[in-house]
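Let me begin by presenting the structure, written as structure tokens, before commenting on it.
The values are calculated or read from the model by the stated rules, or taken from the named source; none is laboratory data. Only a predicted model underlies this, so the values are computations on that prediction, with no experimental measurement involved. All Cβ positions, glycine included, derive from the backbone under ideal geometry; neighbour counts span all protein chains shown. Note: accessible area is taken over every heavy atom of the protein model, side chains too, but ligands, DNA and RNA are not part of it. Shrake-Rupley method; radii C 1.70, N 1.55, O 1.52, S 1.80 Å.
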Amino acid sequence: MGRHRQYDPDEVLDAALDLFWRQGFEGTSIADITAATGVAAPGLYAAFGNKEALFFKALDRYQERWLASVACALAKPGARTAVEEFLRRNAKVLVEREHPGCMGINGAIACSAGAESVRLELVRRREGNEALLCQRLKRAKAEGDLPPDTTPEDLARYLQTVNQGMAVHAKGGATLKELNRVIDLALRFWPAG
């Protein structure tokens with residue numbers, strides 16, 4: 001009886017995350033993952049389930065790492081300072097890897113009807129991230145850090161749209177300097193109070 005190859009599931013998950021981030025969900029095959037990890041398809045299926053389940057686990061890992069940075073940024077005193085920190089940290093993440101952009105945006109842009117469950121999950125997670133931003137803005141409004149006529153939901157949606165737009169531009173080759181100029185411009189429209 002042959003022995004099963006030993007592997008570190010965390011390393012496999014990191015390799016899968018890297019591939020999904022670079023190539024998107026549909027652009028990454030199980031063959032790509034086996035080639036990158038050296039783990040045969042049956043081993044991947046046994047450890048992680050199907051490709052969709054592996055993608056969701058890789059997405060969990062991506063969000064664990066990213067959300068820690070988001071939480072730290074949004075904890076800063078002063079809503080404008082917190083939002084600026086959030087946007088600037090995110091801009092760095094978007095351009096500093098060898099494959100720029102956002103895993104969630106990269107993974108969803110080209111989803112076909114056959115990957116609708118993946119697209120819907122990515123939408124759900126983006127909405128969750130927007131909700132975190134909105135909670136911070138609601139707190140700021142309650143503390144008098146935003147004008148009374150500010151609608152936190154609209155401001156959060158605007159900022160998330162800027163954030164997602166930066167991800168698309170980063171994927172297209174935008175530099176950190178260029179993204180920081182976008183942030184500078186976005187912050188000019190901060191609600192005055």
Residues that are closer than 25 Å to residue 179 by Cα, at pLDDT below 85 and among the basic types (Lys, Arg), drawn from region 84-124: 97
Single condition residue 191 does not satisfy, out of (1) part of a helix (DSSP H, G or I); (2) in contact (Cβ under 8 Å) with a residue 12 or more places away in the chain; (3) open to solvent by 20 Å² or more (accessible area, probe 1.4 Å): (1)
Candidate set: region 34-74, residues that are of a type in the set (A, V, I, L, M), part of a helix (DSSP H, G or I) and open to solvent by 50 Å² or more (accessible area, probe 1.4 Å); chosen: the one nearest to residue 94 (Cα to Cα): 67
Residue within region 95-102 that is part of a helix (DSSP H, G or I) and open to solvent by 30 Å² or more (accessible area, probe 1.4 Å) present: yes
Residue in region 137-147 that is over 23 Å from residue 18 (Cβ atoms), acidic (Asp, Glu) and over 17 Å from the mean Cα position of the chain (by Cα) present: yes
Conditions (1) surrounded by 16 or more Cβ atoms within 10 Å (Cβ to Cβ); (2) outside any loop (DSSP other than H, G, I, E, B); number of the one not met by residue 31: (1)
Evaluation of residue 105 against (1) closer than 25 Å to residue 152 by Cβ; (2) open to solvent by 30 Å² or more (accessible area, probe 1.4 Å); (3) out of contact with any Asp or Glu (no Cβ under 7 Å at 6 or more places or on another chain) (one fails), failing number: (2)
Cβ pairs under 6 Å, 6+ apart, first in region 155-166 and open to solvent by 20 Å² or more (accessible area, probe 1.4 Å), second among the polar types (S, T, N, Q): none
Residue match in region 135-150 (condition: surrounded by 15 or more Cβ atoms within 10 Å (Cβ to Cβ), without any contact (Cβ under 8 Å) to a residue 60 or more places away in the chain, closer than 16 Å to residue 93 by Cβ and touching a helix residue (DSSP H, G or I) at 6+ places or on another chain (Cβ under 8 Å)): no
